[in-house]
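Below you'll find the structure, written out as structure tokens, and then a few comments.
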Amino acid sequence: RKGTVIITGASSGLGLATAKSLAESGKWHVIMACRDFLKAERAAKSSGMTKENYSVMHLDLSSLDSVRQFVANFKQSGQSLDVLVCNAAVYLPTAKEPTYTADGFELSVGTNHLGHFLLARLLLDDLKQSDYPSKRLIIVGSITGNTNTLAGNVPPKANLGDMRGLAGGLNGLNSSTMIDGGDFDGAKAYKDSKVCNMLMMQEFHRRYHEETGITFASLYPGCIATTGLFREHIPLFRLLFPPFQKYITKGYVSEEESGKRLAQVVSDPSLTKSGVYWSWNNKSASFENELSEEASDVSKARKVWEISEKLVGLA
Ligand code: NDP
């Protein structure tokens, strides 16, 4: 049978390119979990995906109610779940003031980490029950976890500190909007959220891999300098960033190539190892990359997990 894969944020960039690559293989039914139904439909059509290979379901990760509703709708559909890809993200590098999710969490960490954390937890049982030969939960990471690269060291650097802001709910009322309790910084909030993503992948692995056989993985797909992720950035940055990545850092990848990489992590029979953070060398070969000290800190992972459970109402 065809595998069923849910991809969050499949309406543009990496998520769309991955959806296209998997749909074209003929081996997957792709569920595009998107906040903007029409945009997702149009994106699927214009990228040439055919109707029998995908469906669009509404999911707004910046609302815990919407996450719960999505999961209820999916369960009701009676489909099995073979792979879940947590891909969607917002990046607000020029925001002067914080904005918030429906539940009052700072938007970047609330969407990229907390929304996905609840989604993955609620769908874990479905993955567990799948009889697919290799079931996987993939959480897209970023370079901010690589200490072995230049880009991973550009300030403001990710730092979760003692997590007092996260414990307080990131609401800017009785707690800071930043995980470490500091002043709001949109670029840092994004990086912190990606560190949470990578920590959660490893914590899932430690808690559930042996028992369930699910492969948990993260990846850095390369710098896809042309995606909508940079839509909030200043125009000069958007103009110069792609050539800078192409010719100076040489980390640039096209959306198509990045989609092929993530599609490999979804379906390649050789990428079944769990707990791995995949990256690709400049010949586009995958390898197991090292994570930064913070992004692989076992006690921090446990703490993020426990605080997040409380924030999303699982504990
Ligand atoms: P895009 O902005 O193109 O795609 C992000 C997707 O997330 C969009 O489909 C967007 O929906 C969706 N999204 C945003 N907010 C929500 C929400 N509240 N609910 C549901 N969906 C939402 O960026 P990329 O493709 O570049 O990013 C995809 C992933 O790749 C992210 O996890 C990012 O961190 C990671 N990444 C990207 C890199 C890059 O260089 N671009 C490098 C490393 C990692 P909509 O279309 O409606 O806006």
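Taking the condition of being touching a helix residue (DSSP H, G or I) at 6+ places or on another chain (Cβ under 6 Å), within 14 Å of the ligand (Cβ to nearest atom) and more than 15 Å from L59 (Cβ to Cβ), how many residues in region 112-148 meet it?
The qualifying residues number 9.
Step by step: first the residues of region 24-52, then only those that are open to solvent by less than 20 Å² (accessible area, probe 1.4 Å) and in a helix (DSSP H, G or I), then the one that is nearest to A89 (Cα to Cα). Which residue is that?
My answer is A40.
Please find, within region 304-315, the residue that is farthest from the chain's Cα centre (by Cα) out of those that are open to solvent by 20 Å² or more (accessible area, probe 1.4 Å) and among the aliphatic types (A, V, I, L, M). Explain how you work it out, then say what you get.
Step one: list which residues in region 304-315 are open to solvent by 20 Å² or more (accessible area, probe 1.4 Å), which gives 306-307, 309-311, 313-315.
Going one step further and asking which of them are among the aliphatic types (A, V, I, L, M), we end up with 307, 311, 314-315.
On the way: I307: 19, L311: 19, L314: 20, A315: 23 Å.
Residue satisfying both the conditions and the ranking: A315.
Could you figure out which of (1) surrounded by 18 or more Cβ atoms within 10 Å (Cβ to Cβ); (2) within 10 Å of the ligand (Cβ to nearest atom); (3) under 29 Å from S267 (Cα atoms); (4) at pLDDT 95 or above isn't true of V56?
(2)
Among L239, L229, L199, which is within 12 Å of the ligand (Cβ to nearest atom) and part of a helix (DSSP H, G or I)?
Of L239, L229, L199, the one residue that is within 12 Å of the ligand (Cβ to nearest atom) and part of a helix (DSSP H, G or I) is L229.
Can you tell me which residues in region 1-18 are hydroxyl-bearing (S, T, Y) and within 13 Å of the ligand (Cβ to nearest atom)?
T8, S11, S12, T18
Scan region 253-299 residue by residue and report those that are under 12 Å from L14 (Cβ atoms), of a type outside the set (G, A, S) and part of a loop (DSSP other than H, G, I, E, B).
If the condition is that a residue be under 12 Å from L14 (Cβ atoms), of a type outside the set (G, A, S) and part of a loop (DSSP other than H, G, I, E, B), then V253 is the only one that fits.
Given the conditions (1) within 24 Å of T212 (Cβ to Cβ); (2) touching a helix residue (DSSP H, G or I) at 6+ places or on another chain (Cβ under 6 Å), report the number of the one that K273 does not fulfil.
(2)
Could we say that V83 is β-branched (V, I, T), buried (at least 23 other Cβ atoms within 10 Å of the Cβ), within 19 Å of the chain's Cα centre (by Cα) and more than 24 Å from K188 (Cβ to Cβ) here?
Yes, satisfied.
Working only within region 186-200, note down all residues that are open to solvent by 10 Å² or more (accessible area, probe 1.4 Å) and of a type in the set (A, V, I, L, M, F, W, C).
A187
Of S254, S279, S292, which residue is over 30 Å from S308 (Cα atoms) and modelled with pLDDT under 95?
One residue alone meets the criteria, S254.
Hey, can you tell me all the residues within region 268-303 that are β-branched (V, I, T), under 15 Å from L219 (Cβ atoms) and more than 18 Å from the chain's Cα centre (by Cα)?
Keep residues of region 268-303 that are β-branched (V, I, T), which gives 272, 276, 298.
With under 15 Å from L219 (Cβ atoms) added as a condition, the list becomes 272, 276.
Residue satisfying the conditions is T272 alone.
Let me confirm something: among S21, S66, which residue is open to solvent by less than 60 Å² (accessible area, probe 1.4 Å), within 14 Å of the ligand (Cβ to nearest atom) and more than 25 Å from C196 (Cα to Cα)?
On inspection, the qualifying residue turns out to be S21.
Scan region 112-149 for residues that are among the small types (G, A, S) and in a loop (DSSP other than H, G, I, E, B) and report the count.
Initially, region 112-149 is screened for residues among the small types (G, A, S), giving 115, 120, 130, 134, 141-142, 145.
Pick out the ones that are also in a loop (DSSP other than H, G, I, E, B) and you get 130, 134, 141-142.
Qualifying residue count, region 112-149: 4.
Scanning region 84-111 for residues that are among the β-branched types (V, I, T) and outside any loop (DSSP other than H, G, I, E, B), which turns out nearest to the ligand (Cβ to nearest atom)?
T111
Might you check whether a residue that is of a type in the set (D, E, K, R), open to solvent by 10 Å² or more (accessible area, probe 1.4 Å) and either modelled with pLDDT under 95 or closer than 19 Å to E97 by Cβ (or both) occurs anywhere in region 206-221?
no
Just to be sure before I move on: is N153 of a type outside the set (K, R), open to solvent by 10 Å² or more (accessible area, probe 1.4 Å) and free of Cβ contacts under 8 Å to residues at least 60 places away in the same chain in the structure I sent?
When the stated conditions are applied, N153 passes them.
The values are calculated or read from the model by the stated rules, or taken from the named source; none is laboratory data. Predicted model, so just to flag it, every value in this text is computed and none were measured. Every residue, glycine among them, receives a Cβ derived from its backbone with ideal geometry; neighbour counts consider all protein chains shown. Protein only, heavy atoms only, side chains kept; ligands, DNA and RNA dropped before computing areas. Shrake-Rupley method; radii C 1.70, N 1.55, O 1.52, S 1.80 Å.
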